Each structure stands twice: as C-alpha cells, then as structure tokens.
Amino acid sequence: MDPRKPSDADRPARIGPDTPTLPVSALSVAAALMDADGHCVQVNAAFARLLSRSIADLEGQPCAHLLPGGAERIRTLMAQARALGTTQCADLVDDAARPAPSIHRVRCQPLADDRLLVSVEPAPTPQANDILDHLVSFVGVLAPDGTVLEANRASLDAAGIALEAVRGRKFWDCHWWQHSPQTAARIREAVDQAAAGASPRFDIGKRMAGEQIVTIDLILSPVRDAAGAITHLIYSAIDVSSRKAGEAALQRSEQRFRQVVESAPDGLAMVDPAGRMVLVNSSMERLFGHTREEMLGQGIEMLMPERHRHGHDTLFRGYMSAPEARDMAGRRELYARRKDGSEFPVEIGLNPIGTESGTMVLATIQDVTTRKADRRMIEKALEEKTVLLHEIHHRVKNNLQIISSLLNLQARSADPSVRQALSESQGRVKAMALIHQLLYERNDFSRIDLASYLRRLCALLQESFRDGPARFELNVRAEEEVHMDLQRAVPCGLLVNELVTNAIKHAFPDGRHGHVEVTLTRQDASHCLIVVADDGIGLPADIDPGRSRSLGMQLIPLLCDQAGGAWAVSRAPGTRFELTLDTTEREAT
C-alpha cells in the first residue's frame, strides 16, 4: 500500500460532479456513505449521535434500517436517486422520538460506483409553521405517503386538538375524518390521487370540536422538487358551511318556486328584457301544443296570431320603459295561436320581476274559451229573461188599465155612492199600474225609485181630483233617490194613494182651501220615512185606522204591514201620517 494514498476509510466522498471531494467526517450534518448494496461504508459523528450508536457499530449496517422514517420510504428514496441520477429529498417523521415525533429532512445524493451520500438534518419548518399559523384557512403538510408532517393552528384549534395528536399519523386516520368510514376512505383516495400527481378538490364533512361536522372545500396539491419528484402534499381547506347552507336555502326556494310555477293551472312564461321566453311551465305546453324546448329562447311573438305580431315590439318596449303589474289589453279581447295554427281567446296578466339580469316579466296566460262561452249563454238567458219580464209588466200594466177603464164605465151609470166606491177602486188600480209602468220604462225589474214614483203618483191624483169640490194644493218633496223592491213597493204605493185620497176628500169640506204635502226622506241605509200631512180640519177622534168601517182606513195598517213598516198619526193641527219603511232588498218568494 502506498502510504501517500488514503485508505478506503479515509477515501473522500464525491459530493457532486462539479464539487471538490470531502471526507464524510468533515460534513457538519449527519452523513453516511453507502455502497451499492445500501450498507454504511463511512459515517460521521453527527450521524452516530442522531442514532445514539457508535461509529463502529454503524459501519457495515444497512442504512435503510437505521434512518428515521421507515425502511420502505428510505429504500424508495435511495432507488429514485440512483435511477434519476439526481439528489432526492424527503421529510420523514421519526415516530420513536420523544417526547414528540420529530421531522428530519433526508437527502440521497448519487456518487460514482453506485454509491450514495445520505445526509440527515432537522427539517427547516419553524419559519414555515409561523406562516401557516397566520392563515385562517385549514392548512397542513403531508408526506407523499399521507403522513401528517405539519398542521396550522386554525386547523388544530377548530378541532380542539394539539399537533402531537396528528403529526406522524396517516392523514385519513386523524381526528378530523374519523366520524365516518366513508369520509376516511375518501380522504385516503384523495391522498393516493395527489401522490400520483393529481390535485383533487371536493366538498367533504370535517369533524370539529364538540363533534360538530362542518362542510369544507378541500384541496390536496402535490409539491415537486427541481427534478419533478413529488416531495410533499399540501392540504388546504376552507369552511363552506355558510355557503352550503345558503346554497341549500336557495335551492329549496328555487324548488318551491318551480313547484308553484309547474302546479299553476294557467300558463306562466318568464320573458327577458329582449322579449325572449326564459321559463315556461307545463301548462304552457298544454295550452299551445309546443314543447318546452321549442318555446325557450324564442320571442313571445311565436304565440301570437300573425295579425297581432306587427307592432308588438314597440308595445313591449313601451311597457318595459315603465313596467307595472296590470292586464295586457284592458277590456280588449286577446287571442293566442297554438302550434297547429288554431286561435283561442286569452287573458294575460303582466308582472315585472327584478332580477340580477335585469327586469323580467312574468306573463300569466289564461284560456278563457269556456268562460266566454258561459258568459254568452248567461247574457243570452238574461236577455231572454229581460224581454220576458218587459212583456209581463207591459201586459200587467195594460190589464190594470183595462180594469180601470171598466170601473170608469161602470161608474158612469151607477148611483153616486157606488160611483164614489168605484172611483176609489179605480185610483187603487192606477196606483198599481203606475208601478208596472215605471218598471217597464226603466228596464229595472227588481226595484223602483220611490222618489220618482211618488211624484208621478201625486201628479196622477191631482189630475184625478182636479174637477172635484175640494180646493187644495198637492206638493211633493222627494229629492233623494230611495229604492224599494217590488214586493214592498206595491203596498207602499197603495198606502200613499189611500192617505192622499183621504186627505183630499175629507180634510177640506165646504169649499175650504188647503195644502197636502208628501215628503220622502232617507233615515239611514236601510230605512226611509214617508210623511203625508194636510192642514185641514183634522182626523176626527172617533176614527181609528184599522178599526173604522171605512175601507181606506181599514187598509192603512194592513198595507203598512205588507210594506214592512210602521205607522203613526197626529190629529191636530190637521192630520199627519208618518210611515217608517224598510228599504233593504229581500229575496223574492
């Protein structure tokens, strides 16, 4: 042996193709020189201290079984360095370190003759941890095999655990994912995908403190060295529970809206500012015969008859300039066009709805074919009924006039006492005939206007007694319209006829001159007051309406009861009858 040449034990390690050779003992970090079989050829003191062994004990030993982090991971790292011919680096967890697992950065550098220089030093993590702990999102660092190397404070505090509870454990075995086997399996699958070079991203449930499960948006990203080898996996996630709750609420709201839209019996179409249909319900398909796909994106004009399409764009733009909820055409008839070309009458309601895409218009389209047919039938039936009632009242009036004429003919040849009775009966017939005359003239067969009726009746009575012995003035004060149904109007007319006739005949004897006044006033919404007063000699004390032998006096309480009212009489000065009548409409019996 040449004493000038170093022995194998002192042979320098070649650090790299362009670096000077140095003995392993000269390196400041824990280092070992490995032969082609992976056995320690040289180790320095730092390497021996790291493993708590002597240098002599370590030389010749398989390096993969000596380094922290597991034999399999180190053999893989050494194989990669030899295969690629470049330095390979990995952070490995020493589970046996106490009081807590420690992380070491292991470098494998290929040398000549398939030898490797293996160096071990603590992973430079403190500064990185400081950065991670200032992040509000959940962040962690994993080894490619899924072993947790670091986790930031936000991720640990949210779960109420310490770093020691997860460091060195497989990511899928950590506290966060143990609430469900399916969750742990999904995390393991994601780790495998990231270790293969993918960057999986998905939403998943994560267990927090107090067994609370929150939804997170998780990403696993591989980190590569300069040679492209994956050295770490970065886990990052954010809590999206609020977003998910909002999305769920929005989805429920949209679902309810669609259920309402789809269940509506009328056609509903949402139209955008350009006049295109962006939403239609199933009733639209039923009404028009078009499929939903045929209508969506098309202009609303496709549902109109050809004659209405011209000018619709101008009308639509005018509406959109000041949109409001209203019907589309007022009282004008609208028609729509089906796919087969047939037309049908519709009513369309317009409702503007503000959206993030601008103001939309929700059009409600209702087929009114049946309603229009029913309305025509009702109008026809009403017209026929009107003609019939018109004819009935006309015939009743004529028949009453015939009866009045017959009484008049009979009175001409009768005795004076009989003539007076016939004349009074004739007046009663004329009072009833006048009611039917008013109904005939006004085409309102359910009620009459009392004010107009009293004026006409009193004018008729004044004309009837114009040639008689009584000298009187008959005045009517009835300015306000008061309506009364036919069932009450007939006895009311007869009652006023009796009172005015009695006043004219008996209040002014021996050629006296006097006044008779008929007044109509409304007391409230359902009652009116009719007053028949005269300034004559007054009603004798021995005459009691209802008990007197006179037919007229006997009729007063009977007619008042039929008219649904009450009466009162004042005897002096003159005579004053007050009739309080009910004017509420009642059903015909």
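The values are calculated or read from the model by the stated rules, or taken from the named source; none is laboratory data. Please read these numbers as outputs of a predicted model, since none were measured by experiment. Glycine also receives a Cβ, built like all others from the backbone with ideal geometry; neighbour counts cover every protein chain displayed. The accessibility values were calculated without ligands, DNA or RNA, using every heavy atom of the protein model including side chains. Shrake-Rupley method; radii C 1.70, N 1.55, O 1.52, S 1.80 Å.
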3 or more residues modelled with pLDDT of 75 or more, surrounded by fewer than 20 Cβ atoms within 10 Å (Cβ to Cβ) and outside the structural domain of Ala31 (by the TED database): qualifying helices (runs of 4 or more DSSP H) within the stretch 54-162: 153-159
Residue selected from the stretch 181-211 under the condition in a loop (DSSP other than H, G, I, E, B) and touching a helix residue (DSSP H, G or I) at 6+ places or on another chain (Cβ under 9 Å), by the criterion modelled with the lowest pLDDT: Met208
Those residues of the stretch 315-348 which are open to solvent by less than 20 Å² (accessible area, probe 1.4 Å) and either hydroxyl-bearing (Ser, Thr, Tyr) or under 23 Å from the mean Cα position of the chain (by Cα) (or both), in sequence order: Tyr319
Any hit, the stretch 300-314, residues being farther than 18 Å from Val368 by Cα, open to solvent by less than 70 Å² (accessible area, probe 1.4 Å), within 23 Å of the chain's Cα centre (by Cα) and without any contact (Cβ under 8 Å) to a residue 24 or more places away in the chain: no
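Table: residues versus (1) in contact (Cβ under 8 Å) with a residue 24 or more places away in the chain; (2) among the basic types (Lys, Arg); (3) within 29 Å of Thr355 (Cα to Cα).
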| site | (1), (2), (3) |
| --- | --- |
| Ile213 | yes, no, no |
| Val223 | no, no, no |
| Ala229 | yes, no, no |
| Ile238 | yes, no, no |
| Ala269 | yes, no, yes |
| Arg276 | yes, yes, yes |
| Phe288 | yes, no, yes |
Hits in the stretch 24-53 (condition: open to solvent by 50 Å² or more (accessible area, probe 1.4 Å), more than 25 Å from Ile103 (Cβ to Cβ) and either modelled with pLDDT of 90 or more or of a type outside the set (Gly, Ala, Ser) (or both)): Asp37, His39, Val41
Pairs with Cβ under 9 Å, 6+ apart, first in the stretch 399-426 and outside the structural domain of Glu463 (by the TED database) and free of Cβ contacts under 8 Å to residues at least 24 places away in the same chain, second among the β-branched types (Val, Ile, Thr) and assigned to a helix (DSSP H, G or I): Leu407/Val429; Gln410/Val418; Ala411/Val418; Ser425/Ile403; Gln426/Ile403
Count - residues of the stretch 309-323 that are out of contact with any Leu (no Cβ under 8 Å at 6 or more places or on another chain) and in a helix (DSSP H, G or I): 10
Of the criteria (1) aliphatic (A, V, I, L, M); (2) in a helix (DSSP H, G or I); (3) closer than 15 Å to Val148 by Cα, which one Leu220 fails: (2)
Residue match in the stretch 205-213 (condition: acidic (Asp, Glu) and either surrounded by 15 or more Cβ atoms within 10 Å (Cβ to Cβ) or in contact with a Ser or Thr (Cβ under 9 Å, 6 or more places away or on another chain) (or both)): no
Search result, residues across the stretch 465-495 that are among the basic types (Lys, Arg) and either out of contact with any Leu (no Cβ under 9 Å at 6 or more places or on another chain) or assigned to a helix (DSSP H, G or I) (or both): Arg466, Arg471, Arg488
Answer from Gln193, Gln178, Gln255 - the residue that is farther than 30 Å from Ile365 by Cα and open to solvent by 70 Å² or more (accessible area, probe 1.4 Å): Gln178
Residue count for the stretch 237-252, restricted to those that are open to solvent by 40 Å² or more (accessible area, probe 1.4 Å) and either modelled with pLDDT of 90 or more or in a strand (DSSP E or B) (or both): 2
Residue among His436, His483 that is within 59 Å of the chain's Cα centre (by Cα) and modelled with pLDDT under 80: His436
Criterion: more than 27 Å from Lys372 (Cβ to Cβ) and outside any strand (DSSP E or B) - qualifying residue of Pro273, Pro265: Pro273
Cross-chain or 6+ apart pairs with Cβ under 9 Å, the stretch 447-467 first and in the same structural domain as Glu498 (by the TED database) and modelled with pLDDT of 85 or more, then surrounded by fewer than 18 Cβ atoms within 10 Å (Cβ to Cβ) and in a helix (DSSP H, G or I): Asp449/Arg442; Ser452/Arg442
Every residue from the stretch 163-173 that is assigned to a loop (DSSP other than H, G, I, E, B) and either within 14 Å of Tyr235 (Cα to Cα) or assigned by the TED database to the domain that holds Arg105 (or both): Val166, Arg167
Enumeration of residues in the stretch 326-361 that are in a loop (DSSP other than H, G, I, E, B) and at pLDDT below 90: Met328, Ala329, Gly330, Arg331, Arg332, Glu333, Glu356, Ser357
